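The values are calculated or read from the model by the stated rules, or taken from the named source; none is laboratory data. Worth saying up front: this structure is predicted, and the values here are computed from it rather than measured. Note that each Cβ is placed from the backbone with ideal geometry, even for glycine, and that neighbours are counted across all protein chains shown. Each accessible area value is taken on the protein alone, full model and side chains, heavy atoms only, with ligands, DNA and RNA left out. Shrake-Rupley method; radii C 1.70, N 1.55, O 1.52, S 1.80 Å.
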Amino acid sequence: MIFTSYTYVVFLACAFTLYWTIPARHRLSLAIALSYLFYCSWSFKFGFLLLGLSLFNWAYGRYVLARSKEARGLTFGILINLAPLLYFKYTLFLLSNLVALVHLAGIHWTPLLPERYLPLGISFFTFQGIAYLVDVGTGEPPFESLRDFLFYKAFWPQLIAGPIIRPGEIREQIETERTLDYSDLAFGLRRIAQGAFKKVVLADTLAPLVDSVFLPGSHPAFVDAVAAAAGFGLQIYFDFSAYSDISIGTARLFGFRFPENFDWPYQARSPQEFWNRWHMTLSRWIRDYVFTPLSFAFRGSRWGKATLVAAMAVCGLWHGAQWTFVLWGVWHGVLLLLNQTLLMPLFAPSRKNDTGTRLKSTVALLVTLGAVLLGWIFFRANDLAQARELFHAILGFRGGLRPSVLRENAILIIGAFWLGVFGAWLLRGLPRQLGLTAHSGAAGEVWRWAIAVGYTLITTAVIVFQGDAKAFVYFQF
Amino acid sequence: VIDVLRSRAFWRGPIPRFVALFVVANLLVARWHGELVRQREANLLHAETASSGPKAEVHFDRSTGENASAYWSYIPNATQVPLVALVGMSQTYAINDPKPGDQTISDWLDAGLKPKGVRAFGLAAPNLNNEEALLILLALLNEKKTQPQLYLYGLCFDKFRNVDLRPGYESLLAKNPELQKAWRDTANRFAGRFPQASEKMLRSLEAATARKKVEAATLETRLRDAAEKVSPMVAARTDLNAYVQGEIFLLRNFLFRIKPTSKRPIIESRYRMNRELLEMITDTARNRKVGVAYYVIPLNPLALNPYVPAEYEAFKSWIHDFATARGIPFANLENEVPSEHWGEFMGGPDFKHFRGEGHRITAAAILREFGAVFDRLAKGSVAP
């Protein structure tokens, strides 16, 4: 059940009506049942995996970790959570690398490599489970109620692709009785419409253009490779932030406030700022549960700085069991390292507002944007050879400004989308500055009509552009 | 929820205004779409109109690739009579300034061949590329009744800039498992010689399979069908999408001052893939004992065209050499249709589409240039 499908619209409408109609004490139970229905609409059997892990984490957190603070206990709990992820997601990767190593040693060994079907959202609910056990193991009180915990684990808006929510962020919301007010309803619907527009109209329009450059065997020129990197940067932003928008909007319709996951990431003026704006809930997960323990372990060692690169490599590997993802993580690790060392003078924020500072800030923005977009080549490439091919095209200025794969229209579309992003960025505060967002008087009336017209156009565009409901990019993780 | 709906904030906010505007927008779309359907019914290029007419009068796929399978039954039975499949782009069927009695190349060709006991049928679509031309060939080969004796393809240089199957052909592939198998086998057979084209074919198959899943009678399709009944906007979404794309195309032309004569250099990777696909078409047809014949389409001698002259010359030289080396009947009909028979497009002379007389002249040129091939077919021999 894709968020941008008619099925989801009907599911959401029914769930919303039922949820607010039944007595408050049954609402969480209903939401759990609906969440499992939502998850099992993809694969019934993996619902048991989710349920099994949830039961384990709840019981282990409540009856083991809450009573004993031994590190071994926590390690065991984490390993149990990691086991399905390793089995389903990384077996093939580990085995194929082992085979390659064995071949390098001159031994002929070709085992039958298993193809596994990846349970949807496994990377997300595994990370959520680990975070819960670590938090409980380090002093956070566990969920007392199994029902509350099952809801925390399975609530469908965040189940498949986040935001990765920590217990502290939702516990109080679960435990208190929720009500629906107009602002929640308006906010939820607005975010859902925005998300649908980003996904259906923007991301899905860019996808085939980008795909044509990443077709195996294509021989992209400089302009194709640059357009593909820029296009994919936008595609994945629109795609993933669309999912987050619909997730946050849906949760709000049921009275829950989720943390934001994106904050205009391509506005970042340093790699560090980028990670404070991109997939924010994952960034803080990596920071708190990978980077911080690693940097403590290597505190004072000359390898201390390398922990950043290692943490980002883990982040890359989490995205996919391929060396391209690992390299993408390493790329960002190195950028973050440069941010803290060699390029600190460029990336350090400044409060001054003189011409020199503004110029430096613009250069920092362009360097960050360029580096992030180049990094997407690793992320999107089918394999290392293809990533190398695209870098070769860019660095060698192959074919100059004449495309070899993309039609001129495709390059125009990608350029127009980037202009749109910059335009939206520059204009987003304008209505407020002009006093158009007033709640009363003639200006308020004009503003309300303007919003209504805007959302009518957005809805129309979603209907007109919706061909087949395509899966979100992050579903594969 | 009821409290929210009763609240002053709700009624003063944008939501009721949005609902009102959305209803109005749906009514406007219903009116626009009704008019569009009426125009289509008046237009001969409409599948439903054609299928209700007499069978013998249909000599080409009038859905122009949008609903090709609806026209399969009109193809003369190749087990009873030698069949020529005429494949090409919009020039094959589009008539500028049409007059009553005007006929297309396919109509003229069929009329010219019929006395010899040979039949012709046109399978063309706007901007047809070689991946689609290969699909048409494999679809024809899929049944004995439609397996032609000659696959006659009108080559247009700028179509070598295009790749991908349009939704109509994707749907044709998606509906037919045997065709899918033939498509996959062909891709795999040529994977060593033409890896890029082969990979592209497999991707197209993936897309077609995904389309099949979407078109299958699932809960999602049932809900969408239900939504179509309630909202005219949902019902008209495909036409609205085409309209929006057309407007974006015009906006692009306006902003960048693009005219039909603006030079459009080849796109190397696409050009190479299309050449590979043409070789696949040739080999696939011959493996199945189907003859192939190619011609370079006529162009308006007075109109400036968007081709880079050196690239166009290189293309003609390549196709000539390729045909000669492989013994393929080939003709360059570039200068065949005099300037007075061409129409206008976007305020200037149309360099690719002619009036009714142009169709007759082109068909006559085909009959003349490939006369020997048609004679062999008439005698029951296999075309080269």
Any residue at all in segment B:212-231 that is touching a residue at least 40 places away in the same chain (Cβ under 8 Å), surrounded by 15 or more Cβ atoms within 10 Å (Cβ to Cβ) and over 30 Å from A:E408 (Cβ atoms)?
yes
When residues of segment A:417-448 are limited to those that are within 12 Å of chain B (Cβ to nearest Cβ) and in contact with a helix residue (DSSP H, G or I) (Cβ under 6 Å, 6 or more places away or on another chain), the one surrounded by the fewest Cβ atoms within 10 Å (Cβ to Cβ):
A:T437
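Among the residues of segment B:339-357, write down those that are open to solvent by less than 50 Å² (accessible area, probe 1.4 Å), out of contact with any Lys or Arg (no Cβ under 9 Å at 6 or more places or on another chain) and outside any strand (DSSP E or B).
Of the residues in segment B:339-357, the ones open to solvent by less than 50 Å² (accessible area, probe 1.4 Å) are B:339, B:341-343, B:348, B:350-354, B:356.
Of the ones still in play, those that are also out of contact with any Lys or Arg (no Cβ under 9 Å at 6 or more places or on another chain) are B:339, B:350-354.
B:S339, the sole residue that qualifies.
Of all residues in segment A:381-416, which are open to solvent by 40 Å² or more (accessible area, probe 1.4 Å), assigned to a helix (DSSP H, G or I) and within 14 Å of chain B (Cβ to nearest Cβ)? Outline the logic, then answer.
Our first condition is that a residue be open to solvent by 40 Å² or more (accessible area, probe 1.4 Å); within segment A:381-416, this holds for A:382-385, A:388-389, A:392, A:395-399, A:401-402, A:407-409, A:411-413, A:416.
Among the residues that remain, those that are also assigned to a helix (DSSP H, G or I) are: A:384-385, A:388-389, A:392, A:395, A:408-409, A:411-413, A:416.
Passing the criteria: A:A385, A:E389, A:E408, A:N409, A:I411, A:L412, A:I413, A:A416.
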Taking segment A:315-356 as the region of interest, how many residues are surrounded by fewer than 16 Cβ atoms within 10 Å (Cβ to Cβ) and in a loop (DSSP other than H, G, I, E, B)?
9
So how many residues does segment A:1-31 have that are away from chain B (no Cβ under 13 Å), under 23 Å from A:L50 (Cβ atoms) and either open to solvent by 20 Å² or more (accessible area, probe 1.4 Å) or over 25 Å from the mean Cα position of the chain (by Cα) (or both)?
4
Taking segment A:300-314 as the search range and keeping residues that are in a loop (DSSP other than H, G, I, E, B) and out of contact with any Phe, Trp or Tyr (no Cβ under 7 Å at 6 or more places or on another chain), which one is most open to solvent (accessible area, probe 1.4 Å)?
A:R302
List the number of the failed condition for A:V213; all other conditions in (1) within 11 Å of another protein chain (Cβ to nearest Cβ); (2) at pLDDT 90 or above; (3) surrounded by fewer than 18 Cβ atoms within 10 Å (Cβ to Cβ) hold.
(3)
For B:F249, which of the numbered conditions (1) at pLDDT 85 or above; (2) in a helix (DSSP H, G or I); (3) within 25 Å of B:E131 (Cα to Cα) fails to hold?
(1)
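Within segment B:264-278, which residues are more than 11 Å from chain A (Cβ to nearest Cβ) and among the basic types (K, R)?
B:R275, the sole residue that qualifies.
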Of all residues in segment B:68-126, which are open to solvent by 50 Å² or more (accessible area, probe 1.4 Å), in contact with an Asp or Glu (Cβ under 9 Å, 6 or more places away or on another chain) and in contact (Cβ under 8 Å) with a residue 60 or more places away in the chain?
B:D97, B:D102, B:K116
Can you find even one residue in segment B:160-171 that is in contact (Cβ under 8 Å) with a residue 24 or more places away in the chain, open to solvent by 10 Å² or more (accessible area, probe 1.4 Å) and small (G, A, S)?
yes
Condition first: open to solvent by 90 Å² or more (accessible area, probe 1.4 Å) and either among the acidic types (D, E) or at pLDDT 85 or above (or both). Now tell me which residues in segment B:12-41 satisfy that.
B:L27, B:L28, B:R31, B:E41
Which number in (1) of a type in the set (A, V, I, L, M); (2) modelled with pLDDT of 90 or more; (3) under 30 Å from A:Y87 (Cα atoms); (4) over 26 Å from the mean Cα position of the chain (by Cα) marks the one condition that A:A297 misses?
(2)
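One line per residue, one yes/no per condition, for (1) more than 27 Å from the chain's Cα centre (by Cα); (2) at pLDDT below 90:
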residue: A:S301; (1), (2): yes, yes
residue: A:W328; (1), (2): no, no
residue: A:L335; (1), (2): no, no
residue: A:V367; (1), (2): no, no
residue: A:G375; (1), (2): no, no
residue: A:G396; (1), (2): yes, no
residue: A:S404; (1), (2): yes, yes
residue: A:N409; (1), (2): yes, yes
residue: A:I414; (1), (2): no, no
